[in-house]
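Reviewing the structure listed below.
The values are calculated or read from the model by the stated rules, or taken from the named source; none is laboratory data. As the structure is a computational prediction, the values presented were derived from the model and not from experiment. Here Cβ is always computed from backbone atoms with ideal geometry, including for glycine, and neighbour counts include all displayed protein chains. To get the accessible areas, we keep the full protein, side chains included, count just its heavy atoms, and leave off ligands, DNA and RNA. Shrake-Rupley method; radii C 1.70, N 1.55, O 1.52, S 1.80 Å.
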Amino acid sequence: MLKLIQLEMKKQKLGWYVRGAGIAIIIISFFMWLMPYAEDNGEPTFTSYADALSIGGLFVRAVFIVFGSVLLSRFIIDEYKTKTVSVMFTYPIARKKLIMAKMLLILFLILVTMIIATVIVSLVFLAVNSHYHFLPGKPDGTVLLHMGIQLFIQTLSAAGISLIPLYFGMRKKSVPTTIVSSVILMGLLSSSNKGYTLSSSVTIPLILGIIGFLVAYLSFRNVDKADIV
């Protein structure tokens, strides 16, 4: 399996993804720097370190869920659409292993980049805050530890959520459908109602993450028997 993943990495040439992820991290970090200058009905955007780090993590997850749909489109949907996947299936390797290698690579890329992005965005905000003092005082170690655990769990869930657009994309073998569904999903998770979002708690993202993994399994459980259409 590891060999298949390495071959898939060479095949896909992931430089574009690394550059895109880097640009996204810079933009999110810059946006986090600008947000304290805005006010919501006269109230400051960030009222605590936990609030700021939570919002930063939400931005990261939303952006990279869309990145996940792009990876799904390039690695899987596009190959089914152009039927180039039929060439891959002529290899003397089980189809499920070939698809599993693709899925594991996508999950690895999304999970690692979300973790790296969350850490960088959080550190950048804390560094900027130490100079501009958007929030008073210094962050409490207990708060940072609690937020770190919460953000990690939410990031794991988001990796699973990023697979949900696969269901919509595979129905029509459509790249636009895959990406649009991820944008809609991102909007639902990020929409705020009096400061509450679906991502605010850990339970809802966990449930959606599990649904994402089930979607991935159900999409390809019969791949060994199904024809390429």
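Pop the C-beta distance of LYS83 and ARG171 into the FRET formula with R0 = 22 Å and round what comes out to the nearest 0.05. Calculated value: 0.85. The helix-only estimate of mean residue ellipticity at 222 nm for the chain, built from DSSP H runs of length n ≥ 4 each weighted as -39500 (n - 2.57), is -24000 deg cm²/dmol after division by the residue total. How much length is gained on full extension from VAL202 to LYS13, taking 0.36 nm per residue of separation minus their Cα-Cα distance? Full-extension gain reported as 64.6 nm. Pairs from the list LYS11/LYS96; LYS83/LYS172; LYS10/LYS172; LYS3/LYS173; LYS11/LYS102; LYS10/LYS97 with a Cα-Cα gap above 20 Å: LYS10/LYS172; LYS3/LYS173. On the beta carbon distance between LEU188 and ILE210, with R0 = 22 Å, the FRET formula returns roughly 0.85.
Under the convention that each Lys and Arg Cβ holds +1 and each Asp and Glu Cβ holds -1, the size of the dipole of the chain around its Cα centre is about 1340 debye.
What does the charge dipole of the stretch 50-156 about its Cα centre add up to, to the nearest 20 debye, if the Cβ of each Lys and Arg holds +1 and the Cβ of each Asp and Glu holds -1? Write out the running numbers ahead of the final one.
Values: 9 positive and 4 negative charges, 126 e Å.
Roughly 600 debye for the stretch 50-156.
Taking every full run of DSSP H in the chain, the ones that stretch at least 24 Å from end to end by Cα along their long axis and average 1.0 or higher on the Kyte-Doolittle scale are 15-34, 49-72, 95-132, 141-161, 203-220. The GNM of the chain, with springs linking C-alpha atoms under 10 angstrom apart, assigns the highest mean-square fluctuation among ILE93, ILE204, ILE26 to ILE93.
Taking each residue as 0.36 nm, the span from SER48 to PHE152 lengthens on full extension beyond its C-alpha to C-alpha distance by 35.5 nm. If you look at the Cα atoms of the chain, you get an Rg and a Dmax of 19.3, 65 Å. Accessible surface area normalised per residue over the chain is 54 Å², counting heavy atoms of protein chains with a 1.4 Å rolling probe.
The stretch between LEU104 and TYR37 holds 20.1 nm of extra length on full extension. This uses 0.36 nm per residue minus the Cα-Cα distance. Shown for the stretch 1-108 is the translational diffusion coefficient from the Stokes-Einstein equation, using the Kirkwood radius over Cα pairs, a temperature of 20 °C and a viscosity of 1.002 mPa s: 129 µm²/s. Taking the protein heavy atoms of the chain in the context of the full set of protein chains, the accessible area attributed to carbon and sulfur is 69 percent at 1.4 Å. Using the charge dipole of the chain (Lys, Arg: +1 at Cβ; Asp, Glu: -1 at Cβ; taken about the Cα centre), state which of GLY68, PRO92, ALA50 has its Cα farthest towards the positive end. So the residue we want is PRO92.
Among 55-64, 135-144, 176-185, sorting by the average number of other beta carbon atoms lying within 10 angstrom of each residue, highest first, gives 55-64, 176-185, 135-144.
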